[in-house]
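Only one structure is covered here, and it is reproduced in the block below.
None of the figures in this text is laboratory data; all of them are computed from the coordinates on show. Everything numeric here is computed off the predicted structure, so don't read it as measured data. For neighbour counting, all protein chains shown are included, and Cβ atoms are generated from backbone atoms with ideal geometry for every residue, glycine included.
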Amino acid sequence: MQYQITAQPRIVTTEPLLDRGMNLDECKVMCTSPLIPLREKLFFRIIYETQFRPFEVLNLQIENWDRNQRLITAVRVKQRTKPLKGNINAKVWLPSRPRTMVLTENTNEMIRTIVSNRKKGTIFINEKGTMLSLEWFNERINHYAKLLGIQKIKKYYTDGKVLKLVTCMALREGGERHHDNAGGSRKLSAVAAGHTMEVKQKHYEKVGEDFEQVHESYRKFHPAFVEGW
């Protein structure tokens with residue numbers, strides 16, 4: 001039986017796509033291994049701990065980090081149609097509702113080290129001060145997953161390309177799943193992940209956006225917090 005992803009080509013497999021992803025041990029290795037440089041490891045940790053999307057982590061600003069409270073805020077930017085003068089609709093980029101998540105102590109200290117004495121700007125930059133790309137981080141996680149022997153390729157596209165199972169998005173999905181499996185509220189992890197209300201109502205009970213409850217649930221159930229990664 002064949003399963004289809006969003007775009008062509010199709011994936012040739014008999015395994016449900018829901019079975020893909022990273023287990024707890026694999027996520028822990030990617031978030032704690034001494035073989036992974038601090039910058040890359042911090043990027044992976046924030047994704048796993050907060051359920052922010054990789055591009056949201058890439059665009060995190062120092063100004064949106066509360067180092068004392070160990071909180072960090074992501075603002076997802078969406079493309080929307082906005083009516084302009086003359087009844088002309090234009091595609092513009094507008095910020096959506098921000099999400100603030102709590103960080104583990106170790107991750108918070110890693111940010112302190114990475115930003116050093118910088119007071120503003122993007123957290124993730126290279127040695128020249130230029131913002132890094134998501135493609136670069138995707139390549140890095142694949143590199144270190146191979147180095148650590150945890151990269152998995154179980155599915156193949158019809159055109160011969162492979163689908164890697166240890167990815168930045170898999171870290172995000174793993175963090176949400178591991179929180180839920182440990183007894184955390186599925187409703188609250190949906191809030192953390194920033195699902196739309198349509199998705200929330202379809203897959204979860206309708207919830208508000210009380211991030212204090214989200215933070216409490218993550219501190220109590222998320223493996224990175226419970227085990228002190």
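Exposure proxy ranking for VAL162, VAL57, VAL115, VAL226, based on other Cβ atoms within 10 angstrom of each Cβ and starting from the fewest, stands as VAL162, VAL226, VAL115, VAL57.
Using the count of nearby Cβ atoms within 10 Å as a rough guide to exposure, how do ASP25, ASP180 rank from fewest to most?
ASP25, ASP180
Distance check, please: which entries in LYS119/LYS187; LYS128/LYS164; LYS120/LYS146 exceed 32 angstrom between their Cα atoms? With Cα atoms farther than 32 Å apart: LYS119/LYS187; LYS120/LYS146.
From least to most packed, judged by other beta carbons within 10 angstrom and beginning with the fewest, THR113, THR122 follow the order THR113, THR122.
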